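Chemist: Take a look at the following structure, please.
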Amino acid sequence: MTDVRYPFTAIVGMADLRLGLLLNAVSPAVGGVLVRGEKGTAKSTMVRALAGLLPSIATVEGCRFACDPAAPDPQCPDGPHSAAVSHERPSQLVELPVGVAEDRIVGSLDLERALAEGVKAYEPGLLARAHRGVLYIDEVNLLQDHVVDLLLDAAAMGRSYVEREGVSVRHAARFLLVGTMNPEEGELRPQLLDRFGLTVEIAATRDPAERAEVVRRRLAYDADPAGFAARFAEEERALAERITAARELLPKVELTDVALRQITAVCAAFEVDGLRADIVMARTAVALAAWDGRTEVLEEDVRQAARLALPHRRRRNPFDAPGLDEEQLERTLEEHSQGDDDPEPEGDGPGPEGGPEGGPDGGGPDGGGAPEPSADGAPEAPAADGPDGPDDAEQQPQQPVPTQHPSPARESAPVAAGDPYRTKLFTVRGTGHGAQGRRSPAETNGGHTIRARRPQGALGRLHLTATLQAAAPHQVARGRSGRALVLQKDDFREQVRQGRESNLVLFVVDASGSMAARQRMTAVKGAVLSLLMDAYQRRDKIGMITFRGTGAELALPPTSSVEVGAARLESLPTGGRTPLAEGLLRAHEVLRVERLRDPSRRPLLVVVTDGRATGGRDALARSHRAAALFAAQGTASVVLDCESGPVRLGLARTLAGQLGGTAVSLDELRAEGVASLVRENRPTTVRDNRATTLRKAA
């Protein structure tokens, strides 16, 4: 393994990512970059290559927290630095592993020495190392929630805090935050998403010539890293010098009133939340001007800043793809390209009689007045209006609702899902030990303390009261003198906290002909989409199995990407027989494999069906035998009963009894009261009707 980094200037293409990283190198106040893209697109390679271009920094010699000699941190644990000796060193690139522990991030205290001797023996963490450098998080969307909370606090305040049983340590932690992620593996929490100043979408080039050049350069680097880096040494040096020059020019760049008005107008037009977007856009536009060697921000700087700073702040629900309406951006920039003192252009308001200059279409201020005469003197009317007016026209595009179910042997085209809504809370019985989330009760790093125990491995969160109670009876025998306690390793107790975990929610969806009525399938898809949104909010993994015809298909292997699940649901066709047993057996196999991969993540099975089974001989009996497998393992399950019509057979509720779970109808799923239908995993009706308000969709 070589220590020679791949040169930044040797990377082919990806102009937006290159620009986003360089702008942050020029002005770290921009707030970092989030790189979104498919796997294998050199995201990590480019970020690591950036570190070699950053200017070196001056630090206090011997300080573990990279204090600036010109302005040392007064709260530095290694301070005070009254007569600081300056030391020059390269900027640090600190990588944060996905499975990192809390103590590794913020640092750790030696609690035994702190309690017994009153000494603050503090070992700095990754945030201390990243101060005045780059904090790089690969697969940032896979971080656990409590880790994200620590990063949010540090990014917001520029400081890291360690508070452990009355012992407090704090230090500066200002860093350039760079994260990479593959959206297929799940989205990022909105709070952390907003902390990234810029976002860049990247994808592998489809140009064969560019792809060939990428492969050629990578092979050359692997064969001789040092020789390959030497080929680009001059370009790397020139780029580093340009970064330094842009940093020096940055304080001289003027953000004019016109440019600032355009920035605020664009943010208002795109309805972004808060004012962070305005500030980030302003800093980005100034950095763009400095990067181009100018001392004044131009309209093109504002345009480019909007493309980098706004897309990830435009999302209104978890299934929205980041993006920016270019036409709206151009229109807003044009409308605010002049100062307030400039005269308004002629014809911009309504004419005295509401004539041709009354609006954009000549029909009033909004272009919505009476239609103007056409060239032949006849008034123009919308082409879609029929003889009965616009109301009649609006009904024309709608597809007629079929009066009969389609033939089971014929496949129906996919129908759109209904609008998502808040659903009831489904949980798993008992207390788990899985990854921290927001669904089922579990012992986690967060939550409230429920008891104390002897440490299992390294001491986690100290339970002070239990520790003192364990040590108190032995003080005389240990020869205690004075006020200090005599502690031994066996005295220490750690907290056991109860919070909530995330689960694996596996959907088994009936896509057979019995579900194919358009209006019915729209409602069913809307219900599943609502459950997917609930899974997104609760940080669950999801999977999806569909069954129709003669078998079952794993439409979505277990993943954290709820967006992919929503896309698969949208394109789901229907038709054919109902092989319910095959769908359940496929789900049983998927859960068996997932238990081997992640034993601590408990599953929740959601079967979406009307309970019918027509796939082969003894189909219904086979489906009940398959359901009994889940009941024998104690798998939490819910059956979403999709049966409709005046005559109902109750097959879905019978299936729920075989699964050992609960059946809930579409109407019950959308009830106003939010309650757990699977609490204690018992096949009974809802017993806990306490109203709970779900968190707003991100």
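The values are calculated or read from the model by the stated rules, or taken from the named source; none is laboratory data. Keep in mind that this is a model prediction, so the values were computed, not measured. Quick reminder, even Gly has a Cβ in these numbers, built from the backbone with ideal geometry, and neighbours come from all protein chains shown. These accessible areas exclude ligands, DNA and RNA; they are computed on the full protein's heavy atoms, side chains included. Shrake-Rupley method; radii C 1.70, N 1.55, O 1.52, S 1.80 Å.
Chemist: Within the stretch 562-573, which residues are in contact with a strand residue (DSSP E or B) (Cβ under 8 Å, 6 or more places away or on another chain) and in a loop (DSSP other than H, G, I, E, B)?
Modeler: In the first step, residues of the stretch 562-573 are kept if they are in contact with a strand residue (DSSP E or B) (Cβ under 8 Å, 6 or more places away or on another chain); the result is 562, 564-565, 568-569, 572-573.
Residues satisfying the conditions are 572, 573.
Chemist: Report every pair of residues separated by at least 6 positions or lying on different chains whose Cβ atoms are under 9 Å apart, first residue within the stretch 228-254 and free of Cβ contacts under 8 Å to residues at least 12 places away in the same chain, second among the polar types (S, T, N, Q) and in a helix (DSSP H, G or I).
Modeler: 238/9
Chemist: I'd like the full set of residues that are at positive phi and open to solvent by less than 10 Å² (accessible area, probe 1.4 Å), limited to the stretch 1-36.
Modeler: 32
Chemist: If you don't mind, there's one more thing I want to ask. Among (1) touching a helix residue (DSSP H, G or I) at 6+ places or on another chain (Cβ under 7 Å); (2) at pLDDT 85 or above; (3) farther than 30 Å from residue 608 by Cα, there is one condition residue 506 misses while meeting the rest; what is its number?
Modeler: Unmet for residue 506, out of (1) touching a helix residue (DSSP H, G or I) at 6+ places or on another chain (Cβ under 7 Å); (2) at pLDDT 85 or above; (3) farther than 30 Å from residue 608 by Cα: (3).
Chemist: Among the numbered criteria (1) within 23 Å of residue 44 (Cα to Cα); (2) exposed (fewer than 12 other Cβ atoms within 10 Å of the Cβ); (3) in contact (Cβ under 8 Å) with a residue 60 or more places away in the chain, which single criterion is violated by residue 257?
Modeler: Going through the list (1) within 23 Å of residue 44 (Cα to Cα); (2) exposed (fewer than 12 other Cβ atoms within 10 Å of the Cβ); (3) in contact (Cβ under 8 Å) with a residue 60 or more places away in the chain, residue 257 breaks only (1).
Chemist: For the stretch 602-627, which residues satisfy the criterion of being open to solvent by 40 Å² or more (accessible area, probe 1.4 Å) and within 34 Å of the chain's Cα centre (by Cα)?
Modeler: Listed by number, the list holds a single entry, 602.
Chemist: Go through the stretch 54-65 and give me each residue that's over 12 Å from residue 133 (Cβ atoms) and either part of a loop (DSSP other than H, G, I, E, B) or over 36 Å from the mean Cα position of the chain (by Cα) (or both).
Modeler: 60, 61, 62, 63, 64
Chemist: Give the stretch 194-218 a look and list any residue that's without any contact (Cβ under 8 Å) to a residue 12 or more places away in the chain, surrounded by fewer than 14 Cβ atoms within 10 Å (Cβ to Cβ) and of a type outside the set (A, V, I, L, M), or say none.
Modeler: Matches in the stretch 194-218: 206, 207, 208, 216.
Chemist: Filter the stretch 176-193 down to residues that are within 27 Å of residue 66 (Cβ to Cβ) and either among the basic types (Lys, Arg) or open to solvent by 40 Å² or more (accessible area, probe 1.4 Å) (or both), then give me how many there are.
Modeler: 1
Chemist: Could you tell me whether residue 225 is more than 26 Å from residue 107 (Cβ to Cβ), at pLDDT 90 or above and touching a Ser or Thr at 6+ places or on another chain (Cβ under 9 Å)?
Modeler: The answer is yes for residue 225.
Chemist: Turning to a different aspect of this structure: Among the residues of the stretch 574-606, which ones are β-branched (Val, Ile, Thr) and either assigned to a loop (DSSP other than H, G, I, E, B) or free of Cβ contacts under 8 Å to residues at least 40 places away in the same chain (or both)?
Modeler: 578, 593
Chemist: Being surrounded by fewer than 24 Cβ atoms within 10 Å (Cβ to Cβ) and either under 18 Å from residue 33 (Cα atoms) or not polar (S, T, N, Q) (or both) is the filter here, so list the residues in the stretch 291-307 that pass it.
Modeler: Looking only at the stretch 291-307, we keep the residues that are surrounded by fewer than 24 Cβ atoms within 10 Å (Cβ to Cβ), and these are 291-296, 298-300, 303-304, 307.
291, 292, 293, 294, 296, 298, 299, 300, 303, 304, 307 - these are the residues of the stretch 291-307 that are surrounded by fewer than 24 Cβ atoms within 10 Å (Cβ to Cβ) and either under 18 Å from residue 33 (Cα atoms) or not polar (S, T, N, Q) (or both).
Chemist: In the list 78, 68, which residue meets the criterion of being in contact with a Lys or Arg (Cβ under 9 Å, 6 or more places away or on another chain), of a type in the set (D, E, K, R), closer than 21 Å to residue 135 by Cα and open to solvent by less than 60 Å² (accessible area, probe 1.4 Å)?
Modeler: 68
Chemist: Going by the structure shown, is residue 523 in contact with a helix residue (DSSP H, G or I) (Cβ under 9 Å, 6 or more places away or on another chain), in contact (Cβ under 8 Å) with a residue 12 or more places away in the chain and closer than 30 Å to residue 608 by Cβ?
Modeler: Yes, satisfied.
Chemist: Mind checking which residues of the stretch 449-459 are surrounded by fewer than 17 Cβ atoms within 10 Å (Cβ to Cβ) and part of a loop (DSSP other than H, G, I, E, B)?
Modeler: 454, 455, 456, 457, 458
Chemist: When the stretch 468-495 is examined, which residues are found to be in a helix (DSSP H, G or I) and either exposed (fewer than 11 other Cβ atoms within 10 Å of the Cβ) or out of contact with any helix residue (DSSP H, G or I) (no Cβ under 6 Å at 6 or more places or on another chain) (or both)? Break it down stepwise before answering.
Modeler: As a first pass, look at the stretch 468-495 and keep what is in a helix (DSSP H, G or I): 468-474, 489-491.
If the condition is that a residue be in a helix (DSSP H, G or I) and either exposed (fewer than 11 other Cβ atoms within 10 Å of the Cβ) or out of contact with any helix residue (DSSP H, G or I) (no Cβ under 6 Å at 6 or more places or on another chain) (or both), then 468, 469, 472, 473, 474, 489, 490 are the ones that fit.
Chemist: Let me ask another. Looking at residue 36 and the list (1) closer than 20 Å to residue 236 by Cβ; (2) not in a helix (DSSP H, G or I), which single condition is not satisfied?
Modeler: (1)
Chemist: Can you tell me how many residues within the stretch 416-448 are over 30 Å from residue 103 (Cα atoms) and small (Gly, Ala, Ser)?
Modeler: Adding up the residues that qualify gives 3.
Chemist: Here's something else I'd like to know. Does residue 439 meet the test of being at pLDDT 85 or above, open to solvent by less than 40 Å² (accessible area, probe 1.4 Å) and among the basic types (Lys, Arg)? Give the steps one after another, and end with the answer.
Modeler: Details: at pLDDT 85 or above: yes; open to solvent by less than 40 Å² (accessible area, probe 1.4 Å): yes; among the basic types (Lys, Arg): yes.
When the stated conditions are applied, residue 439 passes them.
Yes or no, residue by residue, for (1) aliphatic (A, V, I, L, M); (2) touching a residue at least 60 places away in the same chain (Cβ under 8 Å); (3) touching an Asp or Glu at 6+ places or on another chain (Cβ under 8 Å); (4) open to solvent by 10 Å² or more (accessible area, probe 1.4 Å):
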{"site": "508", "(1), (2), (3), (4)": "yes, yes, no, no"}
{"site": "552", "(1), (2), (3), (4)": "yes, no, yes, yes"}
{"site": "557", "(1), (2), (3), (4)": "no, no, no, yes"}
{"site": "565", "(1), (2), (3), (4)": "no, no, no, no"}
